[in-house]
Amino acid sequence: MTAAQLRVALLGAGTVGAEVVRAFTHRSARLAPDGGRRLELVGIAVRDVDGARARGLPADLLTDAPAHLVADPETDVVVELMGGDEPAHTLVAAALAAGKGVVTANKHIVAHHGPELESIARRTEAALRFEAAVGGGIPVLGPLAGELAANEVSEIRGIVNGTTNYILTAMTDEGRGYAEVLAAAQAAGYAEADPSGDVEGHDAVNKLVILVRLGFGVWIEPGDVAISASDGPGAARPGITGISAADLAAAAATGNVIKLVASARRDDDGRVVASVLPTLVPADSPLGRTAGVLNRIEIDATPVGSVAFAGPGAGGAATSSAVLGDLLAIARGLGSTWAGLPPAGRPDRADRPDRSPTPAGELSPAGSADR
């Protein structure tokens, strides 16, 4: 290894990881930033080495021992694309504790273990980057922590889960019921065999927690984000699981559509109030027109006003774009995703909201998209 190289270990080579490997093998020239260190892929940890080899991944880089790659003293940066809580959380924490940079797309570990991981990264001065954890290929976290850092954010809202947006769009356009469209989404690969993380709102909750960290400067608890309301579309059911064709037809009759909207704002006492709820939005608004698997995130702040970020929120190619961008940021010495923002932790229990959101139906249309 030369001083100009940055040795990268990849943990997980599924849909996103395979695209990252493809970039190293076919577009390596773009991974050598001018004035930065050249990125070199030195190891790929997978569960099934034989299967990965059969898929065309470089045989000489494959291993089924991710902990060995993390512990290798010649590994400089760890890219974690395994997903889930463990062993991803332990591996990321170990890499940061050893002073190694980490890039992850794992919104679960960032949302659930964010204060711990941030504390380790700041202590060891290791870069922790997680742009790919929110919005797939949409660059939103970097601008929120960087170019918008001088602004006071008053609200963040948006569609941050492509699976639920695909289901709601198909139900609206085709008049079919939730169960039928969910089965079709699973058959098409847009929904997992166990879709609960998406359709019950937990995936969107994790992403909202991360947006709140960068927009409001605090790590809220995922459990403090409301995912069901006492009134409105799909009342008392988490996520979109209670939405019916009749709900969508009633919304259409008033010029609205129903979207699963992640939203966070500060209340009059300065506490962050956050929810992921089915929400009526005007059909002709930017959020209302966001269809299929696309995502859209809107930010209200002073002095900028309102800005929005939209694009492909999932998929191997789009998400790998964010992963590779984070790798290049580390190669350029740009540090962690939170950039120059001050440290953040969890708020005290007394400072947390009571999780009693405004009913979803009452958020429309003012709580929606045209602002």
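The values are calculated or read from the model by the stated rules, or taken from the named source; none is laboratory data. This structure is a prediction, so every number in the text was calculated from the model and none was measured. No Cβ is skipped: glycine too gets one built from the backbone with ideal geometry, and neighbour counts run over all protein chains shown. These accessible areas exclude ligands, DNA and RNA; they are computed on the full protein's heavy atoms, side chains included. Shrake-Rupley method; radii C 1.70, N 1.55, O 1.52, S 1.80 Å.
Just one of the listed residues (A94, A132) is modelled with pLDDT of 95 or more, among the small types (G, A, S), assigned to a helix (DSSP H, G or I) and surrounded by 19 or more Cβ atoms within 10 Å (Cβ to Cβ), and it is A132. Taking the range 248-258, which residues are closer than 16 Å to N161 by Cβ and open to solvent by less than 10 Å² (accessible area, probe 1.4 Å)? I258 - this is the single residue of the range 248-258 that is closer than 16 Å to N161 by Cβ and open to solvent by less than 10 Å² (accessible area, probe 1.4 Å). Evaluate the following for L324: is it surrounded by fewer than 24 Cβ atoms within 10 Å (Cβ to Cβ), farther than 16 Å from K207 by Cα and in contact with a Leu (Cβ under 8 Å, 6 or more places away or on another chain)? Criteria met by L324.
Got a sec? Which of D300, D231 is in a loop (DSSP other than H, G, I, E, B), farther than 20 Å from D198 by Cα and open to solvent by 10 Å² or more (accessible area, probe 1.4 Å)?
Numbers: D300 fails: in a loop (DSSP other than H, G, I, E, B).
From the options D300, D231, the qualifying one is D231.
This table checks each residue for (1) assigned to a strand (DSSP E or B); (2) open to solvent by 30 Å² or more (accessible area, probe 1.4 Å); (3) over 19 Å from A204 (Cα atoms).
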site	(1), (2), (3)
G239	no, no, no
A246	no, yes, yes
V261	yes, no, no
R265	yes, yes, no
V281	yes, no, no
G292	no, no, no
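Checking each residue in the range 135-149 for being touching a residue at least 40 places away in the same chain (Cβ under 8 Å) and open to solvent by 20 Å² or more (accessible area, probe 1.4 Å) picks out G137, P139, G142, P143, G146, L148, A149.
Across the range 1-56, which residue is most open to solvent (accessible area, probe 1.4 Å) among those that are among the basic types (K, R) and in a loop (DSSP other than H, G, I, E, B)? Write out each step before concluding.
From the range 1-56, those among the basic types (K, R) are 7, 22, 27, 30, 37-38, 47, 53, 55; that's our starting set.
Pick out the ones that are also in a loop (DSSP other than H, G, I, E, B) and you get 27, 37, 47, 55.
Details: R27: 109, R37: 86, R47: 235, R55: 136 Å².
Checked the range 1-56; the qualifying residue most open to solvent (accessible area, probe 1.4 Å) is R47.
Could we say that G335 is free of Cβ contacts under 8 Å to residues at least 60 places away in the same chain, on the phi > 0 side of the Ramachandran plot and open to solvent by 10 Å² or more (accessible area, probe 1.4 Å) here?
Details: free of Cβ contacts under 8 Å to residues at least 60 places away in the same chain: no; on the phi > 0 side of the Ramachandran plot: yes; open to solvent by 10 Å² or more (accessible area, probe 1.4 Å): yes.
Considered against the rule, which asks whether it is free of Cβ contacts under 8 Å to residues at least 60 places away in the same chain, on the phi > 0 side of the Ramachandran plot and open to solvent by 10 Å² or more (accessible area, probe 1.4 Å), G335 comes out as no.
Take the conditions (1) over 19 Å from T241 (Cβ atoms); (2) modelled with pLDDT of 90 or more; A188 misses just one of them, which is (2). Counting the residues of the range 163-209 that are of a type in the set (G, A, S) and surrounded by 24 or more Cβ atoms within 10 Å (Cβ to Cβ) gives 2.
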